[in-house]
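Reading through the structure tokens given below for one structure.
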Amino acid sequence: MRTKAEANRFYGILTACVLAGLFALSFTVWLFRPADLDPETLCPVSRPIAGHTIVIVDRTDRWTSGMSAALRQLIENAQRDTRQYQKFSIVSLDAEQSTHPLFSVCNPGAPTFWTDLYHGRRYTVRDFDQRFVGAADRVIDDVSQPGEAPTSPIVEYVHRWLGSDDFNPSIQARRLILISDMRQNSPLYSVYRQPSGEGLAPLVRQQLGAAARGVGLDVYFIAHGRDHHVSETQVRAAWDRALSELGLRYTWRQID
């Protein structure tokens, strides 16, 4: 038979084990808790966003109707690559040159046990399926419609985004996707006036410079065939020189 001291020691150890288990469970729940999200942007309010992907659709020159399907696919692929708590934005370079995004929402993450536990299954499914994935689908329908504008200030437009609050150098994992024919045409530089591209590199250095450091740039070159006496080879060569001098990481893919 146990003595009183032994019994007290046994119950003391048992209590300590129960308390340790409760502490471990509480710490686990705290560790895996989802972030509190802004109701409008679905971005975390208690921590910085984990990254930002901006898709710029250049609608200053009309493309063929067949481009819409390719455009939809590559935007959807970019959205799927956006990780939890990273922002995904779609903007349009058109005649208005507005920097107001057509779509700008963080990926709240697919529903999990933890998000359901904290926020409720109905809300986590709604945020991911309807407000992140579904809402972007509706914007893609609008931006896929071809448009035209008298100028194409591609470099200047990118410059304005690089200085925005949620796409400045303090933001990690910045990615810029540019869907364009890349025919820069503005008062500062026009590929139609200087098809050799001699003035493009200085403009890129001036407008982008240090603000573009660390940005991953993916160019989807629209080969619409309307060269205006400037070949697609000349356009590519001019941008290659400008971007390489800047030291910017970039990929160049042609879409027809």
Report task. All but one of (1) at pLDDT 85 or above; (2) surrounded by 14 or more Cβ atoms within 10 Å (Cβ to Cβ); (3) among the charged types (D, E, K, R) hold for D227, so report the exception by its number. Result -> (1)
Report task. Kindly indicate whether any position in region 210-219 is surrounded by fewer than 15 Cβ atoms within 10 Å (Cβ to Cβ), of a type in the set (A, V, I, L, M) and within 26 Å of F167 (Cβ to Cβ). Result -> yes
Query raised in the report: Is it fair to say L42 is hydrophobic (A, V, I, L, M, F, W, C), modelled with pLDDT of 85 or more and in contact with a Pro (Cβ under 8 Å, 6 or more places away or on another chain)?
Result: yes
Query raised in the report: Hey, any hits in region 179-186 for a residue that's basic (K, R), out of contact with any Phe, Trp or Tyr (no Cβ under 7 Å at 6 or more places or on another chain) and either under 24 Å from A70 (Cα atoms) or modelled with pLDDT under 90 (or both)?
Result: yes
Query raised in the report: Within the set of pairs 6+ apart or on separate chains, which have a first residue in region 135-149 that is in the same structural domain as E76 (by TED's automatic domain parsing), a second that is modelled with pLDDT under 80 and aliphatic (A, V, I, L, M), and C-beta atoms under 8 Å apart?
Result: S144/M67; P146/M67
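Quick grid of which residues meet (1) at negative phi; (2) of a type in the set (A, V, I, L, M); (3) touching a helix residue (DSSP H, G or I) at 6+ places or on another chain (Cβ under 9 Å):
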site	(1), (2), (3)
S164	yes, no, no
N168	yes, no, yes
R175	yes, no, yes
I179	yes, yes, yes
S186	yes, no, yes
S190	yes, no, no
A211	yes, yes, yes
V219	yes, yes, yes
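If you take the residues in region 45-72 that are in contact with a Pro (Cβ under 9 Å, 6 or more places away or on another chain) and not in a loop (DSSP other than H, G, I, E, B), which one is surrounded by the fewest Cβ atoms within 10 Å (Cβ to Cβ)?
Among residues in region 45-72 that are in contact with a Pro (Cβ under 9 Å, 6 or more places away or on another chain) and not in a loop (DSSP other than H, G, I, E, B), the one surrounded by the fewest Cβ atoms within 10 Å (Cβ to Cβ) is S68.
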Query - Tabulated pairs, region 236-250, first among the small types (G, A, S), second surrounded by 17 or more Cβ atoms within 10 Å (Cβ to Cβ) and at pLDDT 90 or above, C-beta under 8 angstrom, 6+ apart or interchain - result: A238/V191; A238/L200; A242/L200; A242/A201; A242/L203; A242/V204
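The values are calculated or read from the model by the stated rules, or taken from the named source; none is laboratory data. Everything numeric here is computed off the predicted structure, so don't read it as measured data. Neighbour counts run over all protein chains shown; Cβ positions are idealised from the backbone, glycine included.
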